[in-house]
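Presented below is the structure to which this report refers.
Computed from the coordinates by the stated procedures, all read-outs in this text should not be read as laboratory data. Please read these numbers as outputs of a predicted model, since none were measured by experiment. Because the Cβ atoms are built from the backbone with ideal geometry, glycine has one as well, and the counts that use them run over all protein chains shown.
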Amino acid sequence: MRNYVYRGMLAIVLLIGTLTANAQKIDTINLKKGHQLNTAYLNPGLKQYLVYFQQPKQTHTLRFWLWLRDIKKDMRDGEAVFNISQHWLGADSASYRTVYSVNKASDFSPVYHAESNGAKTRAYNWYLNKIAGADTIAGNVHKTFKLDFTEPNFNWNLDIETFEMLPLAPGKTFAINFYDAALSPPKYVLYKVTGSEVITLLDNTKVDCWKLYEEGKSPNGSTYSETFWISKKGHEFLKEEDEFNGSYRYKIKMPAMTPNLMVRFK
C-alpha cells in the first residue's frame, strides 16, 4: 500500500515539476513587469513591404498592396515617444488606409492610436488602465468609446515592431498582452520561437533569422497561423507567411532602393 502511495505522490511531484518547468519557459510580456522590450532595437526610418494574397481556388489571380511603415522619434508632453505612421496602398483607392500610433520610447506603452479608411476616422487616447475615444479629433466616429483595462497592454497594430524588440532565442515562448483598439478585449497571445532559417533577400544577401510562430482562432471560429522571420543580427522583421480560410498572405520587406512614396503624403 505504501508503495502505491509513494508512487502516486512521486507522479504528482513529477507532474508539478513538469508543469512548472513548462511554465518557466513562457515569458510573459506586459507593462507591469517593467521594460521587457529592448526599444533600442527599434530603428527609426521608412520601411516598405510588399503584401500579397493567394487563394488556391483562384490560381491565376493575386491581390497586392504596398505597406509603408514610417517610424520617427519625437517628444510628447516632455517625454520621448515613437510616432509610427502606416499607409496601405492598393489598386483600389477605396482600400486605402492610414494608421498613426504614438508609443512611449521607454517601454513602448501606447499613448495614442488613430485609423482612417475613407471618410471614417477612429481615434483613441490610450492609457495604462483604459482606452477612450479622442473627443478633440474632428470627425472621430469613436469619440464616445471607452474601455477600462484590468492591466496594461500593447497595441496589436504594432505587432511587427513589438517582435523586433523581443529577446528572441531558441525554445523561447512569449505571452504578449495585445489589444486591437475597439475590437475584441485585450488578451494574451502565445508566440513561439520554432527555430531559425537563413533566408535570401531580394539582393541575394543571406540573413540568418529567428522564426516566430503563432496560431489561433478568428472570431468566426476559423483557424489561422502566422510565421514571422526576424533577423538575428539587426532584429528586423523581413518576412511573414499567414494561412487562414484556405488562403495565404505574404509580407516581404522591400530593399532600400524602393522609391519613397511617403513624399506623396506630405
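Zone of S218 (label point 7 Å along Cα→Cβ, backbone N under 16 Å): which residues in segment 60-74?
Correct set: 63.
Determine the gain in length on full extension of the stretch A182-K146; use 0.36 nm per residue of separation and subtract their C-alpha separation, reporting nm with one decimal.
Stretched fully, the A182-K146 segment lengthens by 12.1 nm.
Per 0.36 nm of contour for each residue apart, how much would the distance between Y96 and K120 grow if the chain were fully extended, relative to their Cα-Cα spacing?
Between Y96 and K120, full extension yields 7.5 nm more.
Calculate the dipole size of the chain relative to its Cα centre from +1 charges on Lys and Arg beta carbons and -1 charges on Asp and Glu beta carbons; express the result in debye to the nearest 20.
Dipole about the Cα centre, nearest 20: 220 debye.
Only Cα pairs under 8 Å and at least 6 apart count here; give the relative contact order of the chain as a rounded whole percent.
With pairs under 8 Å counted, the relative contact order is 15 percent.
Would you mind calculating the gained length between K73 and H60 on full extension (0.36 nm times residue separation, minus the Cα-Cα distance), in nm to one decimal?
0.4 nm
Can you put D74, D107 in order of Cβ neighbours within 10 angstrom, beginning with the fewest?
Fewest-to-most ranking of D74, D107: D74, D107.
Taking the Cα centre of segment 153-260 as the origin, how large is its charge dipole in debye, to the nearest 20, when only Lys and Arg (+1) and Asp and Glu (-1) carry charge on their Cβ atoms?
180
Tell me the angle of helix 2-24 to the major Cα principal axis of the chain, expressed in degrees between 0 and 90 and rounded to the nearest ten.
Roughly 20 degrees between the two axes.
Under 8 Å for C-alpha pairs, at least 6 residues apart: give me the relative contact order for segment 62-174, rounded to a whole percent.
Across segment 62-174, relative contact order equals 14 percent.
Between L50 and T200, what FRET efficiency follows from the Cβ-Cβ distance if R0 is 22 Å, with the result rounded to 0.05?
0.90
At a threshold of 8 angstrom on Cα-Cα distance, excluding pairs fewer than six apart, so keeping six or more, what relative contact order does segment 158-266 reach in percent?
Relative contact order for segment 158-266 comes out at 17 percent.
Based solely on its DSSP helices, what 222 nm [θ] is calculated for the chain when runs of n ≥ 4 H residues each add -39,500 (n - 2.57) and the sum is averaged over all residues, nearest 500 deg cm²/dmol?
That calculation yields -3500 deg cm²/dmol at 222 nm.
Residues of segment 53-97 with the amide nitrogen closer than 13 Å to a label point 7 Å from the Cα of L261, along Cα-to-Cβ, please.
Answer for this model: 64-70, 86-97.
What order, most packed first, do the peptides 214-220, 234-240, 186-192 have when packing is the mean number of other Cβ atoms within 10 Å of each residue?
My ranking of the peptides, most packed first, is 234-240, 186-192, 214-220.
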